């Protein structure tokens, strides 16, 4: 495949293993149905008046799991330290050699700093909901990224995600090239390409 002008990617669930991270933070494993309830609660809250992601995570854990506020707040604040998928660090390192790579993430600035500390390097840009004041899948998020980075909507802009509902549907509608990564927790949808992980994606792109 030819090199894109820009690669953007979802972070939580695509580069960060948020289900494993939550299980480790809780000290126990929650089942898939319960995790989906947490994700869906967060998605509903993200469509309301804007507030930081750490607060939404905390409220989802208090509502769905019945956690106390202090424990839920600590987990929400620490989400950026949840583990990366095994391919994420090297996959992103190789993708950066091929094209600018920017995060598009429904999270806070502090989460971005924590994730990039885990990576050991910074992406070309890191755009989070806290900076924009809106969450994906709202088209306003994508418009803000286009203006900030200076890349127009179109097939030269590639977006990578494990989630159709948060990412791929909007990216397809805007005319982007889309890449679906089938993580253990994912929501499949129409995409231009499917790659098993970020390392595989980097391996399919032609060098300069």
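With the condition kept exactly as written, say whether any residue in region 120-129 is surrounded by fewer than 21 Cβ atoms within 10 Å (Cβ to Cβ) and in a helix (DSSP H, G or I). No, the conditions are met nowhere in region 120-129. Among the residues of region 121-131, those that are more than 13 Å from the chain's Cα centre (by Cα) and farther than 18 Å from residue 98 by Cα comprise 130, 131. Taking region 139-152 as the range and being surrounded by fewer than 16 Cβ atoms within 10 Å (Cβ to Cβ) and in a loop (DSSP other than H, G, I, E, B) as the test, the residues that pass are 150, 152.
Checked against the criterion of being in a strand (DSSP E or B), on the phi < 0 side of the Ramachandran plot and in contact with a helix residue (DSSP H, G or I) (Cβ under 9 Å, 6 or more places away or on another chain), the candidates 178, 170 yield just one match: 178.
If you go through region 103-119 and keep only what is in contact with a strand residue (DSSP E or B) (Cβ under 8 Å, 6 or more places away or on another chain) and either without any contact (Cβ under 8 Å) to a residue 24 or more places away in the chain or not in a loop (DSSP other than H, G, I, E, B) (or both), you end up with 103, 104, 105, 109, 111, 112, 115, 116, 118, 119. Kindly indicate whether any position in region 49-71 is outside any strand (DSSP E or B), closer than 20 Å to residue 183 by Cα and either out of contact with any strand residue (DSSP E or B) (no Cβ under 7 Å at 6 or more places or on another chain) or not assigned by TED's automatic domain parsing to the domain that holds residue 145 (or both). No; the residues of region 49-71 include none that is outside any strand (DSSP E or B), closer than 20 Å to residue 183 by Cα and either out of contact with any strand residue (DSSP E or B) (no Cβ under 7 Å at 6 or more places or on another chain) or not assigned by TED's automatic domain parsing to the domain that holds residue 145 (or both). Applying the condition of being over 20 Å from residue 56 (Cβ atoms) and in contact (Cβ under 8 Å) with a residue 60 or more places away in the chain to region 132-161 and asking which residue is nearest to the chain's Cα centre (by Cα) yields 160. Number of residues in region 72-106 that are more than 16 Å from residue 18 (Cβ to Cβ), crowded, with 22+ Cβ neighbours inside 10 Å and not assigned by TED's automatic domain parsing to the domain that holds residue 142 equals 0.
At pLDDT 95 or above and closer than 16 Å to residue 88 by Cα: does that describe residue 176? Answer is no for this residue. Does residue 35 meet the test of being outside any loop (DSSP other than H, G, I, E, B), free of Cβ contacts under 8 Å to residues at least 24 places away in the same chain and within 18 Å of the chain's Cα centre (by Cα)? Judged against the criteria, residue 35 is not a match.
The values are calculated or read from the model by the stated rules, or taken from the named source; none is laboratory data. Note that the structure is a prediction, hence the values are computed from the model and not measured. Virtual Cβ from ideal backbone geometry, glycine too; neighbours counted across all protein chains shown.
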